[in-house]
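For reference, the structure is listed below as structure tokens.
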Amino acid sequence: MRRDSPAGRTLVVVAGLMLPTAPVTAAPDAPPVAAPDARAIPACDSLVALRQLAAAAQEDRARAAAQVSVQAGCRLVPRDAVGAVERRAMFGGAPYECLAVATGGCLWVLP
């Protein structure tokens, strides 16, 4: 059972004892959660990682963007951070491209 005290704290009754609890508040210095950038695309270091991400997301770009943080070697990158096609691969009739990045190398992106 919970009861509110005059100090704004919640009192929890456990086995006949009233225990004060601290009020639940957000940390004042916590950064705000940013919405994903609509221009950011899921990109992976390897084609294998990209295929695993695509399979987990059922080939859905929006779902892949939401799940990118759980796939090793994948991340969201701004669309303008990638350049021309360096490599291409075809799997199941879908073209996959590895796009050049300014730091060198390329990142695989969903078709």
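The values are calculated or read from the model by the stated rules, or taken from the named source; none is laboratory data. These numbers were taken from a predicted model, which means no experiment stands behind them. Please note: Cβ atoms are built from the backbone with ideal geometry, for glycine as well, and neighbour counts cover all protein chains shown.
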Task: Residue in segment 72-94 that is nearest to residue 110 (Cα to Cα), counting only those that are out of contact with any strand residue (DSSP E or B) (no Cβ under 7 Å at 6 or more places or on another chain) and of a type outside the set (Asp, Glu) - done: 94
Task: residue 74 being among the hydrophobic types (A, V, I, L, M, F, W, C), surrounded by 14 or more Cβ atoms within 10 Å (Cβ to Cβ), under 16 Å from residue 40 (Cα atoms) and within 16 Å of the chain's Cα centre (by Cα) - done: yes
Task: Every pair of residues 6+ apart whose Cβ atoms lie under 8 Å, when the first sits in segment 73-100 and is among the hydroxyl-bearing types (Ser, Thr, Tyr) while the second is part of a strand (DSSP E or B) - done: 96/88; 96/89; 96/90; 96/108; 96/109
Task: Checking residue 47 against (1) at pLDDT 90 or above; (2) more than 20 Å from residue 101 (Cα to Cα), the condition it does not meet - done: (2)
- [ ] Looking only at segment 80-110, count how many residues are exposed (fewer than 14 other Cβ atoms within 10 Å of the Cβ) and not in a strand (DSSP E or B).
- [x] 7
